[in-house]
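Q: Quick one: structure below, then a few questions.
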Amino acid sequence: MKLKKILALALSSSMLLMTGCGGGSADNESYKSVDKNTEPVELHIAAAASLTDVMKELAADFEKDNPNIKLVFNFGSSGALQQAIENGGEADLFFSAAQKQMDALEKSGNLAEGTRTDLLINEVVLIEPAEGGKSLTSFEDLTRDDVQHVALGEPKGVPVGQYSEEILTKLGILDAVKAKAVYGSDVRQVLSWVESGDADCGVVYATDAAVAGDKVKVIAVAPADSHKPVIYPVAIIKSSKHMDDAKKFLEFVKTDKAKAAFEKYGFVVK
(Lines give C-alpha, C1' and ligand atoms only; values in the text may rest on other atoms or scores of the structure.)
Protein backbone atom coordinates (compact mmCIF):
# COMPACT_ATOMS: atom_id res chain seq x y z
CA MET A 1 0.00 0.00 0.00
CA LYS A 2 2.75 2.40 0.92
CA LEU A 3 4.56 1.66 -2.37
CA LYS A 4 1.35 2.22 -4.39
CA LYS A 5 0.76 5.55 -2.66
CA ILE A 6 4.34 6.67 -3.37
CA LEU A 7 4.08 5.69 -7.06
CA ALA A 8 0.70 7.43 -7.39
CA LEU A 9 2.06 10.59 -5.76
CA ALA A 10 5.15 10.58 -8.00
CA LEU A 11 3.06 10.09 -11.12
CA SER A 12 0.69 12.89 -10.12
CA SER A 13 3.58 15.29 -9.43
CA SER A 14 5.21 14.42 -12.76
CA MET A 15 2.00 15.11 -14.66
CA LEU A 16 1.50 18.42 -12.90
CA LEU A 17 5.08 19.41 -13.71
CA MET A 18 4.69 18.46 -17.38
CA THR A 19 1.36 20.28 -17.61
CA GLY A 20 2.79 23.36 -15.97
CA CYS A 21 5.84 23.42 -18.25
CA GLY A 22 3.81 22.66 -21.34
CA GLY A 23 1.18 25.28 -20.51
CA GLY A 24 3.86 27.88 -19.75
CA SER A 25 5.62 27.23 -23.02
CA ALA A 26 2.40 27.52 -24.98
CA ASP A 27 1.51 30.76 -23.19
CA ASN A 28 4.96 32.18 -23.87
CA GLU A 29 4.80 31.26 -27.54
CA SER A 30 1.33 32.76 -27.79
CA TYR A 31 2.52 35.95 -26.11
CA LYS A 32 5.52 36.19 -28.41
CA SER A 33 3.36 35.61 -31.44
CA VAL A 34 0.87 38.31 -30.47
CA ASP A 35 3.66 40.70 -29.50
CA LYS A 36 5.37 40.15 -32.83
CA ASN A 37 2.19 40.66 -34.82
CA THR A 38 1.32 43.89 -33.02
CA GLU A 39 4.70 45.51 -33.67
CA PRO A 40 4.09 48.30 -36.21
CA VAL A 41 5.89 48.24 -39.52
CA GLU A 42 8.32 51.16 -39.87
CA LEU A 43 7.84 52.94 -43.17
CA HIS A 44 10.79 55.22 -43.96
CA ILE A 45 9.89 58.40 -45.84
CA ALA A 46 12.57 60.59 -47.45
CA ALA A 47 10.97 64.01 -47.95
CA ALA A 48 12.06 67.47 -49.04
CA ALA A 49 12.56 69.84 -46.10
CA SER A 50 9.76 72.11 -47.32
CA LEU A 51 7.30 69.29 -46.60
CA THR A 52 8.25 68.98 -42.91
CA ASP A 53 5.16 70.56 -41.33
CA VAL A 54 2.47 69.12 -43.58
CA MET A 55 3.99 65.63 -43.47
CA LYS A 56 3.97 65.60 -39.68
CA GLU A 57 0.28 66.47 -39.74
CA LEU A 58 -0.48 63.83 -42.36
CA ALA A 59 1.48 61.24 -40.38
CA ALA A 60 -0.72 61.73 -37.32
CA ASP A 61 -3.87 61.14 -39.40
CA PHE A 62 -2.44 58.18 -41.28
CA GLU A 63 -1.09 56.40 -38.19
CA LYS A 64 -4.39 56.90 -36.40
CA ASP A 65 -6.16 54.95 -39.14
CA ASN A 66 -3.26 52.51 -39.61
CA PRO A 67 -1.90 51.68 -36.14
CA ASN A 68 0.15 48.83 -37.61
CA ILE A 69 2.30 51.30 -39.56
CA LYS A 70 4.74 53.83 -38.08
CA LEU A 71 6.07 56.56 -40.37
CA VAL A 72 9.74 57.48 -39.91
CA PHE A 73 10.76 60.67 -41.71
CA ASN A 74 14.09 61.85 -43.04
CA PHE A 75 13.75 65.51 -44.06
CA GLY A 76 16.47 67.27 -46.00
CA SER A 77 17.46 68.67 -49.37
CA SER A 78 16.20 66.59 -52.27
CA GLY A 79 19.73 66.21 -53.59
CA ALA A 80 21.08 64.83 -50.31
CA LEU A 81 18.13 62.46 -50.01
CA GLN A 82 18.63 61.26 -53.59
CA GLN A 83 22.29 60.49 -52.90
CA ALA A 84 21.43 58.68 -49.68
CA ILE A 85 18.96 56.45 -51.53
CA GLU A 86 21.48 55.73 -54.30
CA ASN A 87 24.03 54.77 -51.63
CA GLY A 88 21.66 52.25 -50.07
CA GLY A 89 20.06 54.40 -47.39
CA GLU A 90 16.81 53.04 -46.00
CA ALA A 91 13.78 54.59 -47.72
CA ASP A 92 10.41 53.27 -48.80
CA LEU A 93 9.12 56.45 -50.45
CA PHE A 94 10.73 59.62 -51.76
CA PHE A 95 9.03 63.02 -51.96
CA SER A 96 11.22 65.38 -53.99
CA ALA A 97 10.93 69.16 -54.40
CA ALA A 98 12.05 68.91 -58.03
CA GLN A 99 11.97 66.56 -61.00
CA LYS A 100 15.77 66.49 -61.35
CA GLN A 101 16.42 64.27 -58.33
CA MET A 102 13.53 61.93 -59.13
CA ASP A 103 14.73 61.69 -62.74
CA ALA A 104 18.16 60.61 -61.47
CA LEU A 105 16.67 57.87 -59.30
CA GLU A 106 14.51 56.65 -62.13
CA LYS A 107 17.50 56.54 -64.47
CA SER A 108 19.51 54.54 -61.92
CA GLY A 109 16.67 52.02 -61.52
CA ASN A 110 15.80 52.92 -57.93
CA LEU A 111 12.08 53.55 -58.40
CA ALA A 112 9.34 50.93 -58.22
CA GLU A 113 7.80 50.76 -61.66
CA GLY A 114 4.54 52.60 -62.13
CA THR A 115 4.58 54.40 -58.75
CA ARG A 116 5.99 57.79 -59.75
CA THR A 117 3.47 60.61 -59.81
CA ASP A 118 3.54 64.42 -59.76
CA LEU A 119 1.82 65.44 -56.54
CA LEU A 120 2.24 69.15 -55.75
CA ILE A 121 3.07 72.58 -57.15
CA ASN A 122 4.83 75.40 -55.28
CA GLU A 123 6.07 78.95 -55.94
CA VAL A 124 9.43 80.64 -55.36
CA VAL A 125 9.44 83.90 -53.40
CA LEU A 126 11.88 86.52 -52.16
CA ILE A 127 11.59 87.26 -48.43
CA GLU A 128 13.19 89.54 -45.86
CA PRO A 129 12.87 89.77 -42.05
CA ALA A 130 9.56 91.25 -40.93
CA GLU A 131 11.44 93.68 -38.71
CA GLY A 132 14.63 95.51 -39.58
CA GLY A 133 14.50 94.58 -43.25
CA LYS A 134 15.90 96.56 -46.16
CA SER A 135 12.47 97.43 -47.56
CA LEU A 136 13.11 95.57 -50.80
CA THR A 137 10.53 95.67 -53.55
CA SER A 138 11.79 93.19 -56.17
CA PHE A 139 14.39 90.56 -57.03
CA GLU A 140 16.35 93.26 -58.85
CA ASP A 141 16.89 95.01 -55.49
CA LEU A 142 19.28 92.22 -54.53
CA THR A 143 21.99 94.16 -56.37
CA ARG A 144 21.63 97.18 -54.08
CA ASP A 145 24.79 98.12 -52.14
CA ASP A 146 23.03 97.95 -48.78
CA VAL A 147 22.10 94.30 -49.36
CA GLN A 148 25.11 92.36 -48.13
CA HIS A 149 23.91 88.81 -47.36
CA VAL A 150 21.48 86.96 -49.63
CA ALA A 151 20.49 83.50 -48.39
CA LEU A 152 20.12 80.90 -51.15
CA GLY A 153 19.87 77.13 -51.28
CA GLU A 154 23.08 75.37 -52.30
CA PRO A 155 22.44 74.93 -56.05
CA LYS A 156 24.05 71.54 -56.55
CA GLY A 157 21.69 69.60 -54.30
CA VAL A 158 18.97 71.97 -53.08
CA PRO A 159 16.12 72.47 -55.58
CA VAL A 160 15.22 75.96 -54.31
CA GLY A 161 18.84 76.93 -54.95
CA GLN A 162 18.56 75.63 -58.50
CA TYR A 163 15.34 77.56 -59.07
CA SER A 164 16.99 80.66 -57.57
CA GLU A 165 19.88 80.51 -60.01
CA GLU A 166 17.47 80.13 -62.92
CA ILE A 167 15.56 83.23 -61.76
CA LEU A 168 18.68 85.33 -61.20
CA THR A 169 20.10 84.23 -64.56
CA LYS A 170 16.86 85.18 -66.31
CA LEU A 171 17.00 88.61 -64.65
CA GLY A 172 20.67 89.02 -65.58
CA ILE A 173 21.85 89.53 -61.99
CA LEU A 174 23.29 86.11 -61.03
CA ASP A 175 26.95 87.17 -60.86
CA ALA A 176 26.15 90.28 -58.81
CA VAL A 177 24.09 88.28 -56.31
CA LYS A 178 26.58 85.41 -56.10
CA ALA A 179 29.14 87.81 -54.65
CA LYS A 180 26.95 88.30 -51.57
CA ALA A 181 25.28 84.88 -51.37
CA VAL A 182 25.32 82.59 -48.35
CA TYR A 183 24.28 79.02 -49.16
CA GLY A 184 22.06 76.84 -46.99
CA SER A 185 22.01 73.05 -46.92
CA ASP A 186 18.22 73.06 -47.42
CA VAL A 187 15.38 75.54 -47.75
CA ARG A 188 14.61 75.55 -44.02
CA GLN A 189 18.13 76.75 -43.24
CA VAL A 190 17.67 79.59 -45.73
CA LEU A 191 14.38 80.45 -44.02
CA SER A 192 15.93 80.41 -40.53
CA TRP A 193 18.73 82.80 -41.58
CA VAL A 194 16.17 85.32 -42.81
CA GLU A 195 13.95 84.88 -39.74
CA SER A 196 16.87 85.58 -37.42
CA GLY A 197 18.19 88.50 -39.47
CA ASP A 198 21.49 86.73 -40.16
CA ALA A 199 20.70 87.30 -43.84
CA ASP A 200 19.22 90.47 -45.31
CA CYS A 201 16.91 88.42 -47.48
CA GLY A 202 16.51 84.98 -49.03
CA VAL A 203 14.79 82.93 -51.68
CA VAL A 204 12.45 80.18 -50.44
CA TYR A 205 9.18 78.52 -51.39
CA ALA A 206 5.88 80.27 -50.79
CA THR A 207 4.93 77.47 -48.38
CA ASP A 208 8.02 78.10 -46.22
CA ALA A 209 7.23 81.80 -46.03
CA ALA A 210 3.69 80.87 -44.95
CA VAL A 211 4.99 78.61 -42.18
CA ALA A 212 7.22 81.45 -40.89
CA GLY A 213 4.12 83.58 -40.37
CA ASP A 214 4.84 87.11 -39.15
CA LYS A 215 8.59 86.49 -38.87
CA VAL A 216 9.21 87.26 -42.53
CA LYS A 217 7.76 89.45 -45.26
CA VAL A 218 7.23 88.27 -48.84
CA ILE A 219 8.76 90.84 -51.20
CA ALA A 220 8.02 89.27 -54.56
CA VAL A 221 6.90 86.09 -56.26
CA ALA A 222 9.24 84.92 -59.01
CA PRO A 223 7.69 85.21 -62.49
CA ALA A 224 6.51 81.81 -63.73
CA ASP A 225 8.63 82.08 -66.89
CA SER A 226 11.81 82.77 -64.93
CA HIS A 227 12.31 79.17 -63.76
CA LYS A 228 11.16 75.61 -64.32
CA PRO A 229 7.80 74.75 -62.75
CA VAL A 230 8.18 73.82 -59.07
CA ILE A 231 6.66 70.35 -59.15
CA TYR A 232 6.95 67.81 -56.32
CA PRO A 233 7.02 64.20 -57.56
CA VAL A 234 6.67 61.16 -55.30
CA ALA A 235 7.56 57.51 -55.87
CA ILE A 236 8.06 54.25 -54.01
CA ILE A 237 11.64 53.04 -53.82
CA LYS A 238 12.21 49.73 -55.58
CA SER A 239 14.16 48.22 -52.67
CA SER A 240 11.29 48.76 -50.19
CA LYS A 241 10.61 45.73 -48.01
CA HIS A 242 7.09 46.99 -47.28
CA MET A 243 5.69 47.55 -50.74
CA ASP A 244 2.01 47.11 -49.79
CA ASP A 245 2.28 49.54 -46.87
CA ALA A 246 4.18 52.02 -49.03
CA LYS A 247 1.40 51.85 -51.63
CA LYS A 248 -1.13 52.46 -48.86
CA PHE A 249 0.60 55.70 -47.82
CA LEU A 250 1.04 56.75 -51.45
CA GLU A 251 -2.71 56.40 -51.97
CA PHE A 252 -3.38 58.26 -48.72
CA VAL A 253 -1.48 61.39 -49.84
CA LYS A 254 -3.78 61.55 -52.88
CA THR A 255 -7.00 61.57 -50.83
CA ASP A 256 -9.23 64.60 -50.29
CA LYS A 257 -8.16 64.66 -46.65
CA ALA A 258 -4.50 64.92 -47.60
CA LYS A 259 -5.31 67.45 -50.32
CA ALA A 260 -6.93 69.71 -47.72
CA ALA A 261 -3.80 69.51 -45.54
CA PHE A 262 -1.48 70.33 -48.44
CA GLU A 263 -3.60 73.30 -49.43
CA LYS A 264 -3.69 74.54 -45.85
CA TYR A 265 0.10 74.81 -45.98
CA GLY A 266 0.03 76.66 -49.31
CA PHE A 267 0.69 73.86 -51.79
CA VAL A 268 -1.30 73.43 -54.98
CA VAL A 269 -2.29 69.81 -55.51
CA LYS A 270 -1.83 68.50 -59.07
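Q: Scan segment 246-259 and report the pairs whose first residue is surrounded by fewer than 15 Cβ atoms within 10 Å (Cβ to Cβ) and whose second residue is at pLDDT 95 or above and part of a helix (DSSP H, G or I), with Cβ atoms within less than 7 Å and a gap of 6+ or a chain change.
A: Close Cβ pairs satisfying both conditions: Lys257/Asp61.
Q: Could you name every one of the strands (runs of 3 or more DSSP E) located completely within segment 79-143 that has at least 3 residues being within 17 Å of the chain's Cα centre (by Cα) and closer than 26 Å to Val221 by Cα?
A: On the way: elements: 93-95, 117-122, 124-129.
Hits in segment 79-143: 117-122.
Q: What number goes with the only condition from (1) more than 30 Å from Gly88 (Cα to Cα); (2) surrounded by fewer than 16 Cβ atoms within 10 Å (Cβ to Cβ) that Lys228 does not pass?
A: It is condition (1) that Lys228 fails.
Q: Tell me yes or no: at least one residue of segment 150-164 is more than 24 Å from Asp103 (Cβ to Cβ) and touching a strand residue (DSSP E or B) at 6+ places or on another chain (Cβ under 8 Å).
A: Initially, segment 150-164 is screened for residues more than 24 Å from Asp103 (Cβ to Cβ), giving 150-151.
Of the ones still in play, those that are also touching a strand residue (DSSP E or B) at 6+ places or on another chain (Cβ under 8 Å) are 150-151.
Checked segment 150-164: at least one residue is more than 24 Å from Asp103 (Cβ to Cβ) and touching a strand residue (DSSP E or B) at 6+ places or on another chain (Cβ under 8 Å).
Q: Within the bounds of segment 214-227, is there any residue that is among the charged types (D, E, K, R) and in a strand (DSSP E or B)? Even if it seems obvious, please write down each step before you answer.
A: Going through segment 214-227, the residues among the charged types (D, E, K, R) turn out to be 214-215, 217, 225.
If we keep only those that are in a strand (DSSP E or B) as well, we get 217.
Yes: one or more hits.
Q: Right, another one. Contact list please: Cβ distance under 6 Å, first residue in segment 112-133 and outside the structural domain of Lys100 (by TED's automatic domain parsing), second residue acidic (Asp, Glu), pairs at least six apart or on different chains.
A: Ala130/Asp214
Q: Also, I was wondering about something else. For segment 151-170, give me each residue that is among the β-branched types (Val, Ile, Thr), buried (at least 19 other Cβ atoms within 10 Å of the Cβ) and assigned to a helix (DSSP H, G or I). Outline the logic, then answer.
A: Pass one, segment 151-170, residues among the β-branched types (Val, Ile, Thr): 158, 160, 167, 169.
Filter once more, keeping what is buried (at least 19 other Cβ atoms within 10 Å of the Cβ): 158, 160, 167.
Residues satisfying the conditions are Val160, Ile167.
Q: For segment 50-87, name all the residues that are small (Gly, Ala, Ser) and either within 18 Å of Lys264 (Cβ to Cβ) or at pLDDT below 95 (or both).
A: Taking segment 50-87 first, the residues small (Gly, Ala, Ser) are 50, 59-60, 76-80, 84.
Passing the criteria: Ser50, Ala59, Ala60.
Q: What pairs can you find where one residue is in segment 160-178 and over 14 Å from Val147 (Cβ atoms), the other is acidic (Asp, Glu) and crowded, with 17+ Cβ neighbours inside 10 Å, and their Cβ atoms are less than 8 Å apart, with a gap of 6+ or different chains?
A: Correct list of pairs: Gly161/Glu154; Leu174/Glu165.
The values are calculated or read from the model by the stated rules, or taken from the named source; none is laboratory data. A quick note: this is a predicted structure, and the numbers were derived from the prediction, not measured. FYI the Cβ positions are ideal-geometry reconstructions off the backbone, even for glycines, and counts take in every protein chain you see.
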